[in-house]
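Read through the structure below, which is laid out as structure tokens, and then see the notes.
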Amino acid sequence: MENDVPLDPAHELLAVGPLIELRDGPLAVSVAPQAGGRLAQVLHGDHLWLVGPEGAQDGAIAWGCYPMVPWSGRVRDGRFLFQARSVQLPPTLGAHAIHGTGYRLPWQVDSADTRHCRLSLPLGEGSEWPFGGRAEQRIMLDGPRLRLELCVQAGTQPMPRPVLGWHPWFRKPERVEFAPAVRYPRDADGIAVLPTVAVGEGPWDDCFINTAPVILRSAGQVLTLRSDSDHWVVYDEPSHATCVEPQGGPPDAFNLVADVLAPGDSVATWFEWVFKDEA
């Protein structure tokens, strides 16, 4: 029909596919390799922590906890310069390229048992990421601890240093304890710019510099989030969810920070969730 408007790729429907079920005691995690290698749900005791596959009707961008690879957040107009070369990424949210390519692609299952799985994704020269390389993630349970690891290794050519991260859609917590140092302001396009400023008041859809754990409280449980990343995006505007996203740099990092990953080199990051009951 003439009035039909094509969906942005970020909002296109994504089949959930078969799940890998991991469990250690009261902690259970469902992994959806075909749906962007994401956590489809995290259950601790009787509490579901994520907006799960029931949110899939809002598209690939809006549910579970997915890896952001090989970049996090928006790349302005999908464009940047790399070693004097102009690069154009396909737009996925309006004019911009958002959250990498991995969250919309099927990942290969390299190994899986009851408490661990390892997934991989070739980034593929000539695709939406024209530099090649390979991504790998590990998902591990150990008692009350969930650990996520993400890595990208460059192939035969250099690439912009990937900005890796995760985008969890937490069901609206009762309380968020978050005390960042500074915030990246956003311009008229909603994209982070420099210099950083004071944190200010929420609600937020912003990137912060933060090195302290972030704590969520919900349903009599405490979830402590830690990462080796010092950039965190918090998106708490929706009434049904809050996103707390560690990432290795700011949105639009390829235009803000000039850094190179040499052929064969790799970059990695981790994200830990530790659960306990309220005292």
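The values are calculated or read from the model by the stated rules, or taken from the named source; none is laboratory data. Given the structure is predicted, the values throughout are model-derived calculations rather than measurements. Note that we place each Cβ from the backbone using ideal geometry, even for glycine, and neighbour counts take in every protein chain shown.
Can you go through Val197, Val152, Val182 and tell me which one is more than 14 Å from Trp270 (Cα to Cα), of a type in the set (A, V, I, L, M, F, W, C) and touching a Lys or Arg at 6+ places or on another chain (Cβ under 8 Å)? Walk me through how you get there before you give the answer.
On the way: Val152 fails: more than 14 Å from Trp270 (Cα to Cα); Val182 fails: touching a Lys or Arg at 6+ places or on another chain (Cβ under 8 Å).
Among Val197, Val152, Val182, only Val197 is more than 14 Å from Trp270 (Cα to Cα), of a type in the set (A, V, I, L, M, F, W, C) and touching a Lys or Arg at 6+ places or on another chain (Cβ under 8 Å).
Among the residues of the range 12-27, which ones are part of a strand (DSSP E or B) and crowded, with 17+ Cβ neighbours inside 10 Å?
Restricting attention to the range 12-27, the residues satisfying the condition of being part of a strand (DSSP E or B) are 20-24, 27.
Correct list: Ile20, Leu22, Asp24, Leu27.
Quick grid of which residues meet (1) in contact with a His (Cβ under 8 Å, 6 or more places away or on another chain); (2) touching a residue at least 24 places away in the same chain (Cβ under 8 Å); (3) surrounded by 18 or more Cβ atoms within 10 Å (Cβ to Cβ); (4) more than 19 Å from Ala219 (Cβ to Cβ):
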site	(1), (2), (3), (4)
Val31	no, yes, yes, yes
His44	no, yes, yes, no
Ala60	yes, yes, yes, yes
Arg74	yes, yes, yes, yes
Gly78	yes, no, yes, yes
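Gly200: crowded, with 22+ Cβ neighbours inside 10 Å and either touching a residue at least 12 places away in the same chain (Cβ under 8 Å) or of a type in the set (S, T, N, Q) (or both), yes or no? Break it down into steps so the answer makes sense when it comes.
Working: crowded, with 22+ Cβ neighbours inside 10 Å: no; either touching a residue at least 12 places away in the same chain (Cβ under 8 Å) or of a type in the set (S, T, N, Q) (or both): yes.
Here the answer is no, as Gly200 does not meet what is asked.
When you scan the range 67-163 for strands (runs of 3 or more DSSP E) that lie fully inside it, which ones turn up with 1 or more residues that are farther than 28 Å from Pro26 by Cα and out of contact with any Pro (no Cβ under 8 Å at 6 or more places or on another chain)? Show your work before the answer.
Values: elements: 79-82, 85-88, 108-112, 116-122, 134-142, 145-153.
In the range 67-163, the matching strands (runs of 3 or more DSSP E) lie at 79-82, 85-88, 116-122, 145-153.
If you go through the range 250-269, how many residues are surrounded by fewer than 18 Cβ atoms within 10 Å (Cβ to Cβ) and under 17 Å from Ser227 (Cα atoms)?
1
Would you be able to say whether some residue in the range 127-136 is under 30 Å from Gly264 (Cα atoms), of a type in the set (Lys, Arg) and modelled with pLDDT of 95 or more? Give the steps one after another, and end with the answer.
Our first condition is that a residue be under 30 Å from Gly264 (Cα atoms); within the range 127-136, this holds for 127-136.
Then drop every residue that is not of a type in the set (Lys, Arg), which leaves 134.
With modelled with pLDDT of 95 or more added as a condition, the list becomes 134.
Among the residues of the range 127-136, at least one is under 30 Å from Gly264 (Cα atoms), of a type in the set (Lys, Arg) and modelled with pLDDT of 95 or more, which makes the answer yes.
Given the conditions (1) surrounded by 14 or more Cβ atoms within 10 Å (Cβ to Cβ); (2) within 25 Å of Leu27 (Cα to Cα); (3) without any contact (Cβ under 8 Å) to a residue 60 or more places away in the chain, report the number of the one that Arg175 does not fulfil.
(1)
Can you tell me which of Ala40, Ala56 is closer than 30 Å to Glu174 by Cβ and either modelled with pLDDT of 95 or more or part of a loop (DSSP other than H, G, I, E, B) (or both)?
Values: Ala56 fails: either modelled with pLDDT of 95 or more or part of a loop (DSSP other than H, G, I, E, B) (or both).
Of the residues listed, the single one that is closer than 30 Å to Glu174 by Cβ and either modelled with pLDDT of 95 or more or part of a loop (DSSP other than H, G, I, E, B) (or both) is Ala40.
Each row is one residue, and each column tells you yes or no for (1) at negative phi; (2) more than 19 Å from the chain's Cα centre (by Cα).
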residue	(1), (2)
Val31	yes, no
Gln34	yes, no
Asp46	yes, yes
Val51	yes, no
Gly55	yes, no
Asp58	yes, no
Ile61	yes, no
Met68	yes, no
Asp77	no, yes
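How do the strands (runs of 3 or more DSSP E) wholly within the range 171-279 filter down when requiring 3 or more residues that are under 22 Å from Ala40 (Cα atoms) and under 15 Å from the mean Cα position of the chain (by Cα): which remain?
Values: elements: 175-177, 205-209, 214-218, 221-227, 231-235, 241-247, 266-277.
Because the criterion is at least 3 residues that are under 22 Å from Ala40 (Cα atoms) and under 15 Å from the mean Cα position of the chain (by Cα), the strands (runs of 3 or more DSSP E) in the range 171-279 that meet it are 221-227, 231-235, 241-247, 266-277.
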